[in-house]
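The values are calculated or read from the model by the stated rules, or taken from the named source; none is laboratory data. Remember, it's a predicted structure, so these values are computed and weren't measured experimentally. Please note: Cβ atoms are built from the backbone with ideal geometry, for glycine as well, and neighbour counts cover all protein chains shown.
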Amino acid sequence: MVHHGESATSGEAEKVLETQQQTMEDQDAGLDMLYESVLRQKEISHAIGDELDVQSGLLDDLENAMDNTGNSLNRQQSRVEQLMETAKSSGSTWLIVALSITLVILTMLVFNII
């Protein structure tokens, strides 16, 4: 013979069991969503790492190009300085200035500017 009290206790136990089962299913769904989110974050971090590698290579190339340009500029500046020293010591500076003025005057005459 089943008493009314035992039936109620059995029914309550089933409800608790169902509630626990639903809670576990909800937790499983939440964990699945968290797992998917972590996978997406991993993919994004790998993509960022790859992009940083590319950017680092580009910056290295730019640094090398800048070094080469700086070295070339220094060589050219040294050559100009040597040329200026040679021109000063030989008196060619005044000759260059006089010839430049003559060129300007002749150009003006040819185009009837004067």
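So which of THR86, THR9, THR93, THR19 is at pLDDT 90 or above and β-branched (Val, Ile, Thr)?
From the options THR86, THR9, THR93, THR19, the qualifying one is THR19.
If a residue has to be loosely packed, with under 10 Cβ neighbours inside 10 Å and either part of a helix (DSSP H, G or I) or touching a Ser or Thr at 6+ places or on another chain (Cβ under 9 Å) (or both) to count, how many in the stretch 81-95 make the cut?
Going through the stretch 81-95 one residue at a time, the tally reaches 3.
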